[in-house]
Amino acid sequence: MTIRFVLMVNKQGQTRLAQYYEPLPREERRTLEGEIVRKCLSRTESQCSFVEHRNIKVIYRRYASLFFLVGVDGEENELSILEFIHSIVETLDRYFGNVCELDIMFHIDKAHFILDEMVMNGCIVETNKTNILAPITLMEKANV
Amino acid sequence: MSSSSWSAADRMAARGHQAKEGTMKIFKGIGSGFQKGATGATNMASGARGMTKDLYLFQKSLRDMIKGIRACRDKEEEFINAEMTRIHKEIKSPDPKTKCVALQKITYLHMSGHDMGWCSFHCIEVMSQSRFALKHTGYLAAQQSFLDNTDVLLLITNLLKKDLASTNAHEAGFALDCLANVMTPDLARDLVADIFSLLNSTRSYLRKKATLVLYKAFLRYPEALRPAFARLTERLEDEDASVVSAVVTVLCELCIHNPQNYLPMAPTFYKLLQTSTNNWMTIKLVRMFGHLSPLEPRLGKKLVDPLTQIMATTPAKSLLFECIRTVTKGLNNHTSLVKLAVEKLRDFVEEPDPNLKFLGLRALQDLLQTHPRAVAEHKKTIFRCLQEGDFTIQLTALQLIEGMATRRNLSDTVAHLLLIVQGAEQPFRDHLVGCVLNMCQADRYARLSDFSWYVTVLADLARVPESNHGKQVGAQLIDVTTRVEASREDAVAALRPLLTDPSLLEDKPANNTISDALLAAAYITGEHAQYVHNRPELIEALLHPKVINLPVTVQQVYVQALLKVFGHAGRKMPGEEEEDSSEEEMEEE
C-alpha cells in the first residue's frame with residue numbers, strides 16, 4: 001500500500017526525475033522505465049490513466065511535455081494518487097513559478113528536495129503547499 | 001547550481017595550496033574549453049563569472065553539463081563519456097566544492113542510467129561536510145545510489161548519528177530522508193534509538209519525518225516495534241495535524257499486515273474519524289476500518305452512520321471511492337451500506353471520465369461475489385462499456401459479464417457478445433471469443449440448455465477471423481457432439497459451411513488457428529456421416545486441392561472423413577429414395 005516510485009519523463013522518453021522507494025538495481029530501473037514509458041506514451045487522452053505493468057500499478061498524468069508517473073502497490077487508492085500528482089505539480093509550480101521541464105532539469109536537487117518533503121518512505125507525508133515549501137525557502141534565505 | 005559565496009580568504013588559501021597544480025589544470029581547462037566551441041564559450045564565461053568556483057577554474061557546473069548534453073544531439077555518448085572521465089578526476093580533488101559539483105553531475109548522469117557505484121566513498125566525504133548545501137548534495141547522491149550491498153554503508157552510521165542529533169532541523173531532516181531510502185537492518189538496529197528520541201523533538205517537522213522513518217526501521221528490524229509502539233501511539237495526540245496524519249499512515253500500514261493487533265485501538269481511530277478534517281487521513285482511517293471490521297462485527301454496525309454520512313456529503317471523489325471500496329471489501333453484509341455503495345458506483349460508471357468508469361467497474365467486480373443481484377441491475381451500463389474506446393475498460397466490463405452469466409441470461413449474453421465480435425478489433429476480439437467459450441463451458445456446460453443452438457454458436461466462433469481459439473472451439477465441438485446425441489444432426493449441418501468454404505483453407509493470418517476447428521468439423525462430419533445431406537458437395541470439399549495447406553494431422557482426419565462419407569453413400573438418408581441417389585453417387589466417383 002505504498003508508493004514504489006515517482007518518475008517524471010518527457011515525451012521522448014528521457015527521465016527528468018527518478019525517485020525510487022525500494023531498492024532496485026540500475027539496469028532494472030532502466031528497463032522498467034523504458035517499458036512503462038512506452039506503454040504510457042502509446043495511450044490516448046480518452047483512455048484511463050491507470051496502467052498495469054507486471055504487478056505494479058502505474059498511475060500517470062501528462063502535463064505539457066512531461067509525464068508524471070507514480071507506481072504503487074496493489075491496494076492504493078488510485079484517485080488519491082491522481083490528486084497527489086496534481087498537488088506535486090501545483091507545489092512545483094508555486095515554487096518555480098510557471099514550472100516547465102527545463103526548470104526541473106536545471107534545478108533537480110530542489111525538485112528532489114520538494115518531492116522528499118511530500119513523500120517519505122513511499123508514504124504521502126505532506127500535501128499542504130506552505131508546509132512543503134517552508135524548509136526550502138528558509139534554506140534559500142539562509143543560503144549557507 | 002547552488003550559488004556559493006566563498007570568501008576571498010578561502011579562495012586565497014585554496015589557491016595558495018595548490019598553485020602549481022592549479023596552473024596546470026587551468027591550462028588543461030582552457031584547452032578543453034577551446035575544443036568544445038560553443039559550450040567552451042559558456043564554460044569560460046561561467047568560469048570567469050563564477051570565480052567563486054575554485055581550483056578547476058573551468059570546472060563545468062551541472063548547468064553547463066546539461067546544456068552541453070542538450071547541444072550535442074548525435075554525439076551524446078562521446079560527450080557523456082568525456083564528462084565521466086573528467087568527473088572521475090574532479091571528484092578526487094581535495095577541495096570540497098569541486099567534489100560537490102562533480103557529485104551533482106554524476107548524480108544527474110546516474111538518473112540517465114550510468115553507473116555511480118564507484119563513487120560511494122566520495123559521497124560520504126561530501127555528506128560529512130558541514131556546509132548545508134554541500135551536505136545536501138551528498139545525501140541526495142547517497143539516496144539515489146546506495147543499495148543494500150554498498151560496502152561503505154558501515155561508515156555512515158556515525159555520521160548519521162551526529163546529523164540526527166544536530167540542532168539544525170534541516171540537517172536532521174536530511175539525515176532522516178536519506179535513512180528512509182538506504183536503511184539496512186544494521187543501520188536500523190543502530191539508529192532506531194536516535195530516531196525514536198526525535199519523536200519527542202520540539203519541531204513538528206522532525207516528529208513527522210521521524211515517524212515515517214521509524215516505520216522503515218520496523219520493516220528492516222522488526223524487534224524495534226514493540227518498545228517503540230507506545231510512544232508512537234502517544235503521537236496520535238499530537239497537536240500538529242501532519243504528525244497525527246503520519247502516525248495514522250504508519251499504523252495503517254502495520255494494521256494491514258496484522259489487523260488483529262490493532263483492534264483494541266479501534267475506539268481511538270473512531271474518534272479520529274469523526275474529527276478529521278484532512279482528507280488524506282480520513283482515507284487511511286477508512287481503509288483501516290475496512291481491514292478491522294471483518295474481525296469484529298460490532299465495529300461494522302458502529303461504522304454505518306459515519307460512513308453513510310461521508311459518502312453522502314463528501315465532494316472528494318477519492319474519499320468516496322475509498323469508502324465504497326471499504327464497503328465492498330470489508331463491510332459487505334450491511335445492506336444499507338451496500339445499497340448506497342452500488343448507487344454511487346452506478347454514478348461512477350456512467351461518468352464520461354474513463355478513470356472513474358474503470359474504477360467503478362473494478363469495484364463492481366469485487367461486489368460480484370457477494371451481491372450478484374445488485375450488480376446485475378446495472379447490466380445495461382456494463383454492456384455499454386464494452387464498446388468504449390479504452391481497452392482496459394472493455395476488458396474489465398467483459399470480466400464482469402463473464403462473472404454475471406447465469407443459466408437464464410446465457411443465450412442473450414452470448415448473442416449480444418457475438419454481435420460485438422463483428423465490430424471489435426484484436427486483441428479484444430480474442431478476449432470476447434474466449435469469454436463466450438469459458439462462460440458456456442463452465443461446470444461442464446451446466447448453464448447450457450439448448451445444445452443445438454450452442455453448436456451453431458461454436459461454428460460461428462470458428463469463423464471469427466484471426467482468432468486464437470480454434471483449438472478450444474474444435475475441442476468443445478467434439479466434446480458436445482460426443483456427449484449430446486441430439487446435437488449431432490445440427491452440428492453436421494452447422495459445420496457444413498465451414499468445410500465447404502475454400503477461403504478458410506488459404507494460408508493467411510485471418511485463418512490463424514482455424515485448422516484445428518476444421519479438424520473437428522471433418523471428424524464430426526465423418527463420424528455422423530449419416531446426417532450429411534449433400535454428399536457429393538462434401539466430398540468435393542474434402543478433396544479440394546487447397547487442403548494440402550492444412551497441417552498433416554488435419555489432412556489425416558480429412559482422408560478418414562472422406563472414406564466415412566463415401567461409405568455412407570450406399571445408405572439410406574432419412575426420408576430419401578435409395579436406389580437412384582446411390583447409383584448417381586457411384587457413377588460420379
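Points to keep in mind about this one:
- Any hit, region B:216-234, residues being over 30 Å from the mean Cα position of the chain (by Cα) and within 13 Å of chain A (Cβ to nearest Cβ): no
- Top-ranked residue of region A:44-56 - restricted to ones that are within 8 Å of chain B (Cβ to nearest Cβ), not hydroxyl-bearing (Ser, Thr, Tyr) and not in a strand (DSSP E or B), ranked as nearest to residue A:114 (Cα to Cα): A:48
- For region A:4-43, filtered to residues that are part of a helix (DSSP H, G or I), open to solvent by 50 Å² or more (accessible area, probe 1.4 Å) and of a type in the set (Lys, Arg), the residue that is nearest to the other protein chains (Cβ to nearest Cβ) is A:30.
- Some residue of region B:310-328 being within 14 Å of chain A (Cβ to nearest Cβ), among the basic types (Lys, Arg) and part of a helix (DSSP H, G or I): yes
- Filter result (under 28 Å from the mean Cα position of the chain (by Cα) and either in contact (Cβ under 8 Å) with a residue 40 or more places away in the chain or open to solvent by 10 Å² or more (accessible area, probe 1.4 Å) (or both)) within region B:294-321: B:294, B:315, B:316, B:317, B:319, B:320, B:321
- When region A:127-144 is limited to residues that are within 8 Å of another protein chain (Cβ to nearest Cβ) and closer than 13 Å to residue A:90 by Cα, the one that is least open to solvent (accessible area, probe 1.4 Å) turns out to be A:127.
- Some residue of region B:420-427 being of a type outside the set (Val, Ile, Thr) and modelled with pLDDT of 80 or more: no
- Residue match in region B:382-400 (condition: under 30 Å from residue B:430 (Cα atoms), more than 14 Å from every other protein chain (Cβ to nearest Cβ) and open to solvent by 10 Å² or more (accessible area, probe 1.4 Å)): yes
- In region B:156-184, of all residues being open to solvent by 60 Å² or more (accessible area, probe 1.4 Å) and part of a helix (DSSP H, G or I), the one that is farthest from residue A:124 (Cα to Cα) corresponds to B:158.
- A single member of B:458, B:437, B:495, B:504 is crowded, with 16+ Cβ neighbours inside 10 Å and under 34 Å from the mean Cα position of the chain (by Cα), and it is B:437.
- Here residue B:346 clears all of (1) in contact with a Gly (Cβ under 8 Å, 6 or more places away or on another chain); (2) open to solvent by 40 Å² or more (accessible area, probe 1.4 Å); (3) within 14 Å of chain A (Cβ to nearest Cβ) except the condition numbered (3).
- Within the set B:119, B:72, the sole residue that is in contact with a helix residue (DSSP H, G or I) (Cβ under 7 Å, 6 or more places away or on another chain), surrounded by fewer than 18 Cβ atoms within 10 Å (Cβ to Cβ), within 26 Å of residue A:31 (Cα to Cα) and more than 10 Å from chain A (Cβ to nearest Cβ) turns out to be B:72.
- Scope region B:74-100; condition more than 18 Å from residue B:113 (Cβ to Cβ) and either assigned to a helix (DSSP H, G or I) or basic (Lys, Arg) (or both); matching residues: B:86, B:89, B:90, B:91, B:92, B:96, B:97, B:98, B:99, B:100
- Look at region B:70-97: where a residue is within 30 Å of residue A:12 (Cα to Cα) and a partner is of a type in the set (Val, Ile, Thr) and open to solvent by less than 100 Å² (accessible area, probe 1.4 Å), sitting 6+ places away or on another chain with Cβ atoms under 7 Å, you get B:71/B:39; B:76/B:69; B:79/B:69; B:80/B:69; B:87/B:106.
- Among the conditions (1) in contact with an Asp or Glu (Cβ under 9 Å, 6 or more places away or on another chain); (2) polar (S, T, N, Q); (3) at pLDDT 85 or above, residue B:512 misses just one, which is (3).
- Looking across region B:123-140, the residues that are farther than 15 Å from residue B:157 by Cβ and either surrounded by 23 or more Cβ atoms within 10 Å (Cβ to Cβ) or within 11 Å of another protein chain (Cβ to nearest Cβ) (or both) come down to B:126, B:129, B:130, B:131, B:132, B:133, B:134, B:135, B:136, B:137, B:138, B:140.
- Look at region B:166-187: where a residue is more than 10 Å from chain A (Cβ to nearest Cβ) and a partner is in a helix (DSSP H, G or I) and surrounded by fewer than 20 Cβ atoms within 10 Å (Cβ to Cβ), sitting 6+ places away or on another chain with Cβ atoms under 6 Å, you get B:185/B:220.
- Residue within region B:259-267 that is within 11 Å of another protein chain (Cβ to nearest Cβ) and under 21 Å from residue A:121 (Cβ atoms) present: no
- None of B:285, B:214, B:254, B:272 is hydrophobic (A, V, I, L, M, F, W, C), more than 22 Å from residue B:174 (Cα to Cα), at pLDDT 80 or above and open to solvent by less than 10 Å² (accessible area, probe 1.4 Å) except B:285.
- Filtering region B:212-239 to residues that are charged (D, E, K, R) and either closer than 20 Å to residue B:177 by Cα or part of a helix (DSSP H, G or I) (or both) leaves B:216, B:220, B:223, B:226, B:231, B:234, B:235, B:237.
- Among helices (runs of 4 or more DSSP H) entirely within region B:409-470, having at least 3 residues that are aliphatic (A, V, I, L, M) and within 17 Å of residue B:514 (Cα to Cα) singles out B:428-445, B:451-462.
- Residues within region A:86-108 that are surrounded by 19 or more Cβ atoms within 10 Å (Cβ to Cβ) and in a helix (DSSP H, G or I), tallied: 7
The values are calculated or read from the model by the stated rules, or taken from the named source; none is laboratory data. Keep in mind it's a predicted model, so treat the numbers as computed, not measured. Positions of Cβ are generated from backbone atoms using ideal geometry, with glycine treated the same way; all protein chains shown enter the neighbour counts. Heavy atoms of the whole protein, side chains included, go into the accessibility calculation; ligands, DNA and RNA do not. Shrake-Rupley method; radii C 1.70, N 1.55, O 1.52, S 1.80 Å.
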